[in-house]
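Right, one structure below, let's go through it.
Every number in this text was worked out from the coordinates using simple rules, so none of it is lab data. Because the structure is predicted, anything quoted here is derived from the model rather than measured. Quick reminder, even Gly has a Cβ in these numbers, built from the backbone with ideal geometry, and neighbours come from all protein chains shown.
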Amino acid sequence: MRHYILLILFAVCSVASAQTDRQYIREGNRLYRQKQFAKAEVLYRKAIAKNADNSQAVYNLGCALMMQQKDSAAVVQYQNAARLEPNKMRKAKVFHNAGVIFQNHKMYGDAIKAYEQSLRCNPKDNETRYNLALCKQLQKNNPQKNDNKQQQKKENKNDNESQDKQNQKQDKNSPDKQKQQEGQMSKDNVEQLLNAAIQNEKATQQRMKKAMQQPRKRNLQKNW
């Protein structure tokens, strides 16, 4: 899985303010290629300050933030860029990158929506199509994982309740009675303890058997 890092450059414009935006973006792109993402972020913000409707500057800012792992801020900029960008191919990259962020944070529903929007703009993007299919599969498997966790918690709760009852039964013996029974254990108590141990062992084996039957999650989030 990869994200697009191709930065969008402006065509030469005659308007003075557009030339200023272009200068900031060109310098920011140079720093971005040098992996100086924080400095590039500053220059992209300056370009946006000159022209808040500059979709290229907004998109590039999102890329710089993403490379700094400022994912929440990057998503905001990608959303702004998608709103401003009229070009479908560029907009497809915006949605793709937003989808990558959501996918990395296991927000599969949001990732699916972003990838679907990206494919509407560019249906031929096989990388986005792959990520979309992967997220759908991960989302499908997620409820099963949650159900297994709940079942395991339920079994653990039952085991704890059984143990608590056993402890309460043992606590009922007064100190005097314990002295009288010291060194002695009735046949019934021995059988109860053995039965409890057998039940706990069976419960443990059942949990282990269920865990081994569950398919292991594949690490499919490979780099593109």
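Here the 3J(HN,Hα) profile of region 132-137, calculated from phi with Karplus coefficients 6.51, -1.76 and 1.60 at θ = phi - 60°, is 4, 4, 5, 5, 5, 5 Hz, Gly and Pro shown as x. Each principal axis of the Cα atoms in region 10-140 has its own extent, and those three values, largest first, are 52, 26, 21 angstrom.
Where Lys and Arg each count +1 and Asp and Glu each count -1, what net charge lies around Asn122 among other residues with Cβ under 9 Å from its Cβ? Here the charged neighbours net out to +4.
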